[in-house]
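Reading through the structure tokens given below for one structure.
The values are calculated or read from the model by the stated rules, or taken from the named source; none is laboratory data. Note that the structure is predicted; figures quoted are calculated from it, not measured. In this analysis, Cβ positions are derived from the backbone assuming ideal geometry, glycine residues included, and neighbour counts consider all displayed protein chains.
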Amino acid sequence: MKLLHIDSSILGENSVSRQLSAEIVAQLQKKHANLEVEYLDLGTTDIPHLTQEILLGQDIEQSKLGEDLVDQYLSADLIVLGAAMYNFSISSNLKAWVDRIAIAGKTFKYTADGAVGLADKIQKVYIASSRGGIYGEKSPIDFQEAFLKQIFNFTGVTNIDVIRAEGVNLSPENRAKAVAETLDAIHKL
Ligand SMILES: Cc1cc2nc3c(=O)[nH]c(=O)nc-3n(C[C@H](O)[C@H](O)[C@H](O)COP(=O)(O)O)c2cc1C
């Protein structure tokens, strides 16, 4: 069984979402023997913005990177994604990854009845979400979790668990409490 672990925070060791995603992976390793973990760090991997040349296959090197990212996505059974809220949405490095894996004919296709997801090997996605403020489950100004859920849904993945630490920038006490509570929830997965 293959687990793709993705981090996207730019904050390295100070990142909450990186701490949470690592703990989710450790928890899943306890549950599933022989879990093969592949790690993709979008904080250090350079994925340039999508361009017309890349999309048309004219930028050979970048088109190849896109194909590799799609293959990596499609070959995973489980995904653990560390994703911070940046300006009510996701970080631009994570968006650059999304633009490379949401590819017609690869991870979804258009049919007479609309778009159909093709990433049917992926059984479940865990999103380790961290936010400076407090938004709860379905805030109208949350374009982070809502966006990520839509992208995974669009590629055919409907089993999505969001594990969330909120209010981490309100005060050091808030941060410590949110992280401790979220780690507790992860240990119960
Ligand atoms: C560029 C940037 C933009 C941010 N925008 C928001 C925001 O819109 N809403 C919010 O609640 N927190 C915002 N934050 C705070 C982060 O969501 C919070 O620090 C979170 O813990 C970051 O995840 P990380 O610790 O894994 O890096 C922002 C932080 C950064 C660096």
Of those in region 166-189 that are over 17 Å from residue 126 (Cβ atoms) and within 10 Å of the ligand (Cβ to nearest atom), the residue surrounded by the most Cβ atoms within 10 Å (Cβ to Cβ) is 168
Residue set 124, 138, 109; condition surrounded by fewer than 18 Cβ atoms within 10 Å (Cβ to Cβ) and at pLDDT below 95; output residue 138
Residues of region 16-57 being over 20 Å from residue 73 (Cβ atoms), more than 16 Å from the ligand (Cβ to nearest atom) and surrounded by 16 or more Cβ atoms within 10 Å (Cβ to Cβ), in sequence order, are 27
Condition set outside any helix (DSSP H, G or I) and of a type outside the set (A, V, I, L, M), scope region 143-165, selection farthest from the ligand (Cβ to nearest atom): answer is 156
Over region 108-135, the set of residues away from the ligand (no atom under 16 Å from the Cβ) and within 15 Å of the chain's Cα centre (by Cα) is 119, 122, 123, 124, 125
- Query: Does residue 10 satisfy the criteria of being surrounded by fewer than 18 Cβ atoms within 10 Å (Cβ to Cβ), in contact (Cβ under 8 Å) with a residue 60 or more places away in the chain and either within 16 Å of the ligand (Cβ to nearest atom) or not in a helix (DSSP H, G or I) (or both)?
  - Reply: yes
